[in-house]
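The next block holds one structure in the form of C-alpha cells; read it before the comments.
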Amino acid sequence: MRVATMRSPRLLLRNVNGRGIPARRRLANLSAQRPSHVTVLGEQYPTDHMTNISPTIVSKLPLKLHTQPSHPLSTLRALIESHFPTYAHLSSLSPLVTPYQNFDLLSFPADHPGRSVTDSYYINKDLMLRTHTSAHEVDVFGRGETKWLLTADVYRRDEIDGSHYPVFHQTEGARIVSANATGMKELEEDNERLVAHLERSNIEIEDVPHLSPANPCQPAHDPKHTELIAKNLKLSLNSLMLHLFGGRVGATAGNPLKVRWIEASFPWTTPSFEVEVFFRGKWLEILGCGVVRQATLDNANVPDKLGWAFGLGLERIAMVLYSIPDIRLFWSRDPRFLSQFQQGEITTFKPYSKYPACFKDVSFWLPQGETLHENDFCDLVRDVAGDVVEDVKLASLCSGMSKLALTCE
Ligand code: PHE
C-alpha cells in the first residue's frame, strides 16, 4: 500500500548554504529584510513570520498556462474536459486559499509536513498558494456542483530540474450522487454503459479490490454503496485513460493499453487509489483518487451524498504525450516552443537549442605584417565561449581587416 499524501518530509533546513552562512542566520537576515506587504495578483497583503512567497513565484500567478490557447497544457485540459461533457468545467479559481481550505477541511493532520513553510508557499499565516486542486473540493461541492472538473495551477516548494518545478497544473474531477436508491440506480446504469464501452476497447487493467482491510469502507457508508461508487470511479478513470493514451500506443491486439491500480492513502478519501499507465516502455504515475470522506461532504454541506474525486498532474501527461523532455519548457515564451503547437492537436515536440539564436559581427584590425588564420580565431572563440558557439564564418578579409560572423547557438 502506498501512502501518497502530497509529499514525504524533507530536511527542513540545510545547515549551511553555498557561501557557508548558517541557515539560522540566513533566516534571521531574511526576516529583518521582510517588507511589510506583498503585492499578489494586484492586491496588497500584510506579511508575517510565515511569508515565503518569492518574486519569481508571484510572477507566475497571472499566467494560467492551462487557459492559453494552443499551449500543450490547455489542449490537455480541453481533451480531459471533452471526455466529461456533462460535467461543469472550472478553470479560473484564484490560487490563493487559506490553510484551512487546503488542509483542515480535508482532514490533514496538524503535523502534516505539507503544511510547513519549507514545503508550501505562504503569503502570510492565513493565506497560501494552493498545493493541490483538492483545496477547492469543499467549496465546489458546497456550491451545489455534483459533477465537475477543475483545472488550475498549483504550487509546492521544490528543487528545480528537468522534471520538478515549483508550479505545476492539476485537474481535479469529482462526482457525487444521492446516498439512496435513486443515486445507486444512477451509478448502476452508468457502470453498465462504461463496462460495455471498456469491453469493446483494447485495454488491460490490473486491478485491486475496491475495499480491503488496509483500504477500508467508511463507517458511515453501506459497503454495497461504496462498492458501487468505487466501481464507478474506476470505470470512469479507465475510460479517461483510454481517451488520453488509447489510440497512441498502437491499439493492436498484441499491444493493449495497460492500466494498473494501486492502493493508496489520502487524508480525505477512503478507499483511495493511484493509477499508473504503461506508456512508451515505462509505468507512469498519473493520478490519485478515492471515495470522498463523509467529513469532507459534511464540511461542504452535502451530508446525504456519496462521491468520488481524483486529481491528476497535467505536466507529466503532457510531457509523454508531446515528448517534451524538460518541465521548464512549459514556461517558455520562446516562439520556437510556442509556435510548435495548435489548440486541440497533440504533436511531437521538435527539440531546439535552449539558447535563443544570437548573431554577432566582429571586425578587427591586425597589426601590420601579422597574419591570423581563420582557425586560430575559431580556437580563440571556442576557448572563451565554449560550445554555445554554433558557427564562425569569415565574412571578408580586406587589406589587413578581418570581419567574422559568429552564430551562437
Ligand atoms: N490532491 C491529490 C494530490 O495532489 C490527488 C487526489 C485528488 C487524491 C482527489 C484523492 C482525491 O496528490
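The values are calculated or read from the model by the stated rules, or taken from the named source; none is laboratory data. These numbers were taken from a predicted model, which means no experiment stands behind them. Every residue, glycine as well, gets a Cβ built from its backbone with ideal geometry; the counts of neighbours run over all protein chains shown. Ligands, DNA and RNA are stripped out before the accessible areas are found, and what is left, the full protein with its side chains, is counted by its heavy atoms. Shrake-Rupley method; radii C 1.70, N 1.55, O 1.52, S 1.80 Å.
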Residue match in region 183-204 (condition: touching a residue at least 60 places away in the same chain (Cβ under 8 Å) and either touching a strand residue (DSSP E or B) at 6+ places or on another chain (Cβ under 9 Å) or open to solvent by 40 Å² or more (accessible area, probe 1.4 Å) (or both)) | yes
Test result for D376, open to solvent by 90 Å² or more (accessible area, probe 1.4 Å), out of contact with any helix residue (DSSP H, G or I) (no Cβ under 7 Å at 6 or more places or on another chain), modelled with pLDDT under 75 and not assigned by the TED database to the domain that holds Q68 | no
Any pair with Cβ under 6 angstrom, 6 or more apart, that starts in region 316-339 at a residue that is assigned by the TED database to the domain that holds R280 and ends at one that is of a type in the set (V, I, T) and open to solvent by less than 50 Å² (accessible area, probe 1.4 Å) = L321/I346
So, of the residues in region 151-169 that are assigned to a strand (DSSP E or B) and in contact with a His (Cβ under 6 Å, 6 or more places away or on another chain), which turns out to be surrounded by the most Cβ atoms within 10 Å (Cβ to Cβ)?
-> T151
Could you please give the count of residues in region 150-174 that are more than 12 Å from the ligand (Cβ to nearest atom) and farther than 19 Å from V58 by Cβ?
-> 6
Which one of the conditions (1) assigned to a loop (DSSP other than H, G, I, E, B); (2) open to solvent by less than 30 Å² (accessible area, probe 1.4 Å) does T296 fail to meet, given that it meets all the rest?
-> (1)
Assess whether H221 counts as being over 17 Å from V292 (Cα atoms) and not hydrophobic (A, V, I, L, M, F, W, C).
-> no
Please enumerate the residues belonging to region 308-321 that are buried (at least 20 other Cβ atoms within 10 Å of the Cβ) and either assigned to a helix (DSSP H, G or I) or among the aromatic types (F, W, Y) (or both).
-> W308, F310, L314, E315, I317, A318, M319, L321
